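See structure below.
The values are calculated or read from the model by the stated rules, or taken from the named source; none is laboratory data. Since this is a predicted model, take the numbers as computed values, not measurements. Here the Cβ positions follow ideal geometry from the backbone for every residue, glycine too, while neighbour counts run over all protein chains shown. All accessible areas refer to the heavy atoms of the entire protein, side chains included, with ligands and DNA or RNA removed. Shrake-Rupley method; radii C 1.70, N 1.55, O 1.52, S 1.80 Å.
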Amino acid sequence: FPSHDKADEYSQYWLPLARRMPLITITIECDLKQCPSEYHYNLGGYKLQDGSTPDARHQFFSVPELAFAAIKQQYQLNAKGLYLFGHSAGGTFAHLYQLMRPQAPVIHVIAANTAFFMLPDPAIVYPFGLQNSGLTESQVGDWLAKTTLVMLGDNDLAPRTKALSNSPFAQQQIS
């Protein structure tokens, strides 16, 4: 899985830990050709802006599992699961991953400085809430029963530039 620019930069932060611990880090990037909008990347392609829901195999949410399986096979590892870390847009992706992929072999999720959250509120419209999401109460209940570490930094003050991340709903979440 090739990485470029930001993905390379972000992966550098993990190298000191990876060198000291018995772990493999995989940095996944979704360029604008593959992920032209926040619906494709931040929201994993679960439901697009036009309301359509692509087949699960064609959603960006499928990539961590595919990468994990490929690395396990390539290095003949017997790892049972993966740790998923996401920052900013990747934080939003990570925060939703176990909801959209409940059977994924995830041990823990860390969502850092998310661009925005999807709240488990049926009165708030998707992607900021459950209204029109197509998700069931049972799916949401199972998701909320799982542990996700949410990290918020007080120096992550750069202005958001994307439509969803800079929307009134997202701005309300950070104020």
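When the range 140-174 is filtered for residues that are modelled with pLDDT of 90 or more and farther than 16 Å from residue 109 by Cβ, only 141 remains.
Only one entry of 43, 17, 84, 77 meets the criterion of being hydrophobic (A, V, I, L, M, F, W, C) and in contact with a Phe, Trp or Tyr (Cβ under 7 Å, 6 or more places away or on another chain), and that entry is 84.
Among the residues examined, residue 84 does not qualify as part of a loop (DSSP other than H, G, I, E, B) and of a type outside the set (Lys, Arg). Every test in (1) in a loop (DSSP other than H, G, I, E, B); (2) free of Cβ contacts under 8 Å to residues at least 24 places away in the same chain; (3) more than 20 Å from residue 163 (Cα to Cα); (4) out of contact with any Gly (no Cβ under 9 Å at 6 or more places or on another chain) is passed by residue 129 save one, and that test is (3). Scan the range 25-78 for residues that are part of a loop (DSSP other than H, G, I, E, B) and either of a type outside the set (A, V, I, L, M, F, W, C) or surrounded by 12 or more Cβ atoms within 10 Å (Cβ to Cβ) (or both) and the total you get is 33.
Restricting 96, 32, 48, 43 to residues that are more than 24 Å from residue 8 (Cα to Cα), out of contact with any Asp or Glu (no Cβ under 8 Å at 6 or more places or on another chain) and aliphatic (A, V, I, L, M) narrows the list to 48.
Answer with yes or no whether residue 138 is out of contact with any Gly (no Cβ under 8 Å at 6 or more places or on another chain), open to solvent by 20 Å² or more (accessible area, probe 1.4 Å), hydroxyl-bearing (Ser, Thr, Tyr) and under 27 Å from residue 36 (Cβ atoms). Taking the combined requirement at face value, the residue does not satisfy it.
Selection of first residues in the range 132-153 that are at negative phi and of second residues that are open to solvent by 80 Å² or more (accessible area, probe 1.4 Å), restricted to Cβ pairs under 7 Å at least 6 apart or on distinct chains, gives the following pairs, ordered by first then second residue: 147/108; 149/108. Scanning the range 87-120 for residues that are in a loop (DSSP other than H, G, I, E, B), out of contact with any helix residue (DSSP H, G or I) (no Cβ under 8 Å at 6 or more places or on another chain) and aliphatic (A, V, I, L, M) gives a single hit, 119.
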